[in-house]
1. When you look at residue B:205, is it open to solvent by 10 Å² or more (accessible area, probe 1.4 Å), within 12 Å of chain A (Cβ to nearest Cβ) and in a loop (DSSP other than H, G, I, E, B), yes or no?
2. What residue, among those in the range A:58-93 that are small (Gly, Ala, Ser) and within 20 Å of residue A:145 (Cβ to Cβ), is surrounded by the fewest Cβ atoms within 10 Å (Cβ to Cβ)?
3. For the range A:477-493, enumerate the residues that are part of a helix (DSSP H, G or I) and open to solvent by less than 20 Å² (accessible area, probe 1.4 Å).
4. Being of a type in the set (Ser, Thr, Tyr) and surrounded by 14 or more Cβ atoms within 10 Å (Cβ to Cβ) is the filter here; which residues of the range A:412-443 pass it?
5. Among residues belonging to the range A:747-791 that are β-branched (Val, Ile, Thr) and assigned to a helix (DSSP H, G or I), point out the one that is surrounded by the most Cβ atoms within 10 Å (Cβ to Cβ).
6. For the range A:514-541, how many residues are within 27 Å of the chain's Cα centre (by Cα), buried (at least 22 other Cβ atoms within 10 Å of the Cβ) and outside any loop (DSSP other than H, G, I, E, B)?
7. Within the range A:579-598, restricting attention to residues that are facing chain B (nearest Cβ under 9 Å) and farther than 28 Å from residue B:108 by Cβ, which residue is least open to solvent (accessible area, probe 1.4 Å)?
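The values are calculated or read from the model by the stated rules, or taken from the named source; none is laboratory data. Only a predicted model underlies this, so the values are computations on that prediction, with no experimental measurement involved. Counting neighbours? That spans all protein chains shown, and the Cβs are built from the backbone with ideal geometry, glycine included. Ligands, DNA and RNA are stripped out before the accessible areas are found, and what is left, the full protein with its side chains, is counted by its heavy atoms. Shrake-Rupley method; radii C 1.70, N 1.55, O 1.52, S 1.80 Å.
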Amino acid sequence: MYVSYKWLQEYVDLSGITPEELAEKITKSGIEVEGVETLDEGIKGVVVGYVAEKEKHPSADKLNICQVDLGDGELVQIICGAPNVDKGQKVAVATVGAVLPGNFKIKKAKLRGEASNGMICSLQELGFESKLVAKDYSEGIYVFPADTELGTNALEQLHRDDQVLELGLTPNRADCQSMLGVAYEVAAILGKDVKLPQPRVETVSERAADYITVNVEAADDNPLYVAKVIKNVKIAPSPLWLQARLTAAGIRPHNNVVDITNYILLEYGQPLHAFDYDRLGSKEILVRRANQGEKITTLDDAERELTTDHLVITNGEVPVALAGVMGGANSEVGNETTTVLLESAYFTGGAIRKSSKDHGLRSEASARYEKGVDPQRVRPAAERAAQLLTQYAGGEVLEGSVEVDTLKVEPAVITITIDKINRVLGTSLLVSEAKDILERLQFTTVVEENEMTVTVPTRRGDITIEEDLVEEVGRLYGYDNLASTLPGGTASAGSLTPYQKKRRIVRQYLEGAGLYQAITYSLTSEDKAQNYSLEARDPIKLAMPMSEERSVLRLSLTPHLLEVLKYNSARQIDATAIYETGSIFLRTAENELPEEKEHLAAAITGLWELHQWQGEKKPVDFFVLKGILEGLFSKLGLLEQITFTKFEKDGLHPGRSAEVFLNETSIGFIGQVHPNVEKELDLKETYVFELSLEKLLHAEIKPLRYEAIPRYPSITRDIALVVDQTTTAQALSTVIREAGGKLLKDVHVFDLYEGDRMEEGKKSIAYSLKYFDPERTLTDEDVVKAHDKVLKALEEKTGAVLRG
Amino acid sequence: MQERLKELQAEALEKVSAAIDLKELNDIRVAYLGKKGPITEVLKGMGKLSAEERPKMGALANEVRDQITQGITAKQVQLEEAQIQAKLAAETIDVTLPGRPVHTGNHHSLTRVVEEIEDLFIGMGYTVAEGPEVEKDYYNFEALNLPKGHPARDMQDSFYITEDILLRTHTSPVQARTMEKHEGKGPVKIICPGKVFRRDNDDATHSHQFMQIEGLVIDENIRMTDLKGTLEVFAKKMFGEEREIRLRPSFFPFTEPSVEMDISCMICSGKGCNVCKTTGWIEILGAGMVHPNVLEMAGFDSKKYTGFAFGMGAERIAMLKYGVDDIRHFYTNDSRFLKQFSIHE
């Protein structure tokens, strides 16, 4: 809502308060003032002038040489390029030395050889928004009414010596979508009175009821309809002050009748509509739900197809307005209009919202109906409009209104104790202080001991329960005046859950290992959604996505991380290592929440070791990422429960990927991205893993117990085994561990040879075995016994032979 | 004989002093003090001496040996020291060359903000509650006093999947779920971080996905002054002890009264700058006293219990704290952006 400071002064005494101070006070008490605009800011030296002569510029078709009287009788020559400039007009002249918005200074100039001492201005050049300039002047200069005094300040004549407060209204403050609502609010803040307009209408003897009948079929949507008839109106521009007030509020002036309905909309917050009575085509108004497929062409010349959800005003036959949203072109007020049918109605928010939403049409009217108008202003608004139509459109108001009224208007009555107020706010206000605040808002308040009975005016439809009154008292008392305390009650120990703690450890570990945390979107495209998913399910689609790229919920994190790598690699970043923890979404039954699972994924590409001056460079490989993963399992106490098995999956290198198992349960995969995908994304060798974080963090682990530090030496035996190429290291080490018995403390691979010197189909793999007994020093015999078992088992189970 | 010994001593010491390495020194030792050396040779002539002179000469010979031995030892220490010095000199490196880099990653800037806030509130006795990103309309709206058709649903146009299921538009459904779990018994003290979604086109200041952090306290006798005090602690810990806060009345369907909290601008300290749009204040979060309808719907007796709630966007906090100028940076994951958040002040 845009509030003209000058206009507001008609209702509330603002003497001694600048617009800026007012803005600050309004903001602090409840409505955020988002800005204060000075309408004539940066404009100097623009006066009303009279075009005494006009002749064509000798060497420029589109320019005219004008002799302009600025009020002192002397003529000043000004070249003007506007198509509508003409002899006899009164115009806004920026004189030599004037300043226009954007610090545009007017100087003496020569245009194609002719002197020009100033500029005749359009409204746009005077700081008006284009969309607010009346159509007549939108393509050229502005022309003042003939009775405008020469030489006066043009901006003052246009009533632009004003400031506008832009209120950011929250949905509950529908009451402040009107000047009167703002006036009540400002009066309460300042502790002043509100001066209300007093509509006084003289009527002629003819009766409106003889001209029109009103029937309402949809009484739930439209419980009150008031029609008035005004004859003999003369369509003309409305007075400048009225146009200025519309413009300041962001509404474009049209003609006196339309402007007056808009003026009342701004003043009372009550939308009105003026029909051309003679174009209505009947003497009847019927309000009903539209028929399915019925059509209406609205004032914006758009043809709209209607459904039974939409409320329409009809002439008994066809729609003449989309109720509460926009009038129909068939009954539009135009230059020929002489008799006006004025509608002031109460439509319920739901009905209007549906129309507005379905047709993508938000008007000043629909915005107000959607949030709720004051039922007690429907009639006064109609009266006030009728009054202005007689004053500024020469109309004659017919006797009476034609009404259909099924509306029950009952102001809310709320009782509240001062204790309740103090208990919620933490204040110690007296009942008299609270009463005073409520009465400043013009809420009738009756006190009985500690209890107040408050009658809330219908304009404040948002006040319905005690807490609403607490807020009114609190905000006008001032939150600055509240003390600062901390919650009392029993002290509680705050903490993270074990899962949350472990998730933090996972992040810290991965970051310590060189990975950066990424956060990507949960929405993805349908064609990408199933890539790399751990479980095959159909993706969940949004009902109305904003783009194909973000149309379904993701089933895996990996595709997003690959996108990030692609983005970075396209920007000459040659090494990227990232991870993400985030949810994936698995479809369940229709209309049930999906299963949401938290996953952990990582992706690395490019150089891993980069030690420039020492010449060491090493690209990332499978074992870099696997090492990181094993370190993580170690950190979580799970390494012994983990196995890796060779794995094939779409999008992964078939020879360089593994499925990861926690005991018997698959928890995810690790592998190289398939070279075809790498090529598509323009990536070097890239490795990824994706795991179920939940399975990982919910796994049971042995509690941490101290283990005695060895007091006796251990004995190490190294063996090189020749095995089939296909025998895995994991298979070998499993056999070694099983056979080694309790003396075998550690097994690790220390060499692998697959070169020419091996027999075809064979490889050599070397293990280091560490034997140890915590109770005593091992003898050679002990070790030989254990070690022989190992070798035997290896031979029997894997066909491994010691390399000679 | 006596002279010969003196001569040998002088000769040996001269050679010792001229020795340039340990090998030469050792050769001198063998040459003069060895069993076949000149001193032994000289002493062979002792038999010719008188009984009186013999012990004198013996003593002199020992003294000469000692002198030479001492000379050699001293020289040896000197040479060894020189050798070490030479080795050290040879081993000298340019200590200004860069070290071998240790590659570490770091938290995403939003996680950093979220964890800082979590830890702050954990310290005040809160627990961290989480909930699903895909929610029922009931928890996202209805349980929060936003019945179907409520005008405020306009404020947060949402991504629906079906009529009853949508991507949550705030983390408040976690509050609703937590309250429900408490079955009408306080206290409740939670902080709820999480991803939320709104139908916005992504640009410098809007993102269809963002991170929210909300807090909720419900107990007997929770007052608005408790909310103000809590927010003050938060603002000072997050943005500096010298920050002041201001509560402005506002509107949220799930709180009544509702407020927005501003902090005094940390850039200009209230003098007025671009960041605070010359007002001296920066809007940080929305808050309020839990609406009685919300309490009742979750099974709390609103006559007995009161509570407060607050909520903020992690992106906004990060943008203000670190001066980030485009919200899209948080989701593009440009390495050059991610890497900037490794430092801990």
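1. Judged against the criteria, residue B:205 is not a match.
2. Result: A:88.
3. The answer is A:479, and nothing else.
4. Listed by number, the residues that qualify are A:417, A:427.
5. Here is the first cut: in the range A:747-791, the residues β-branched (Val, Ile, Thr) are A:747, A:749, A:765, A:777, A:779, A:783-784, A:790.
From the residues that got through so far, the ones that are assigned to a helix (DSSP H, G or I) too are A:783-784, A:790.
Values: A:783: 20, A:784: 12, A:790: 23.
Per the criteria, the residue is A:790.
6. Residues that pass the stated criteria total 4.
7. A:591
Here is a yes/no grid of residues against (1) of a type outside the set (Phe, Trp, Tyr); (2) surrounded by fewer than 18 Cβ atoms within 10 Å (Cβ to Cβ); (3) under 28 Å from residue A:201 (Cα atoms):
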{"residue": "A:352", "(1), (2), (3)": "yes, no, no"}
{"residue": "A:372", "(1), (2), (3)": "yes, no, yes"}
{"residue": "A:391", "(1), (2), (3)": "yes, yes, yes"}
{"residue": "A:400", "(1), (2), (3)": "yes, yes, yes"}
{"residue": "A:405", "(1), (2), (3)": "yes, yes, yes"}
